[in-house]
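The structure appears right after this line, and notes come after that.
Bear in mind that the values in this text are calculations on the coordinates, not laboratory data. Computed from a predicted model, the values in this text were never measured in an experiment. Here the Cβ is made from the backbone with ideal geometry for all residues, glycine too, and neighbour counts use every protein chain on show.
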């Protein structure tokens, strides 16, 4: 248990950040999953909109520090490659 006021505040801040980061990661996973299902279905127009949305969410997560920029770039690259393979 935290003994100082500062330590208690840090615990509150950490839990709030943890919740926000978890929501952002969940959003990213949802958008990526939507793109992957669109790729499997082969819907061209749906793929382009889903890719733009997923890429936007991934970069937003990198900007906020939830994911590293290298991980985001790698994920976007692999998603683009899977789209290219599918078409």
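Projected label points at residue 48 and residue 15, each 7 Å from Cα along the beta carbon direction, are separated by 4.7 nanometres. With the helix formula -39500 (n - 2.57) applied to DSSP H stretches of n ≥ 4, the chain reaches a computed 222 nm mean residue ellipticity of -30500 deg cm²/dmol.
In angstrom, the C-alpha Rg and Dmax of region 5-86 are 15.8, 56. Per-peptide packing, taken as the mean over residues of other Cβ atoms within 10 Å, places 19-28, 44-53 in the sequence 44-53, 19-28 from highest down.
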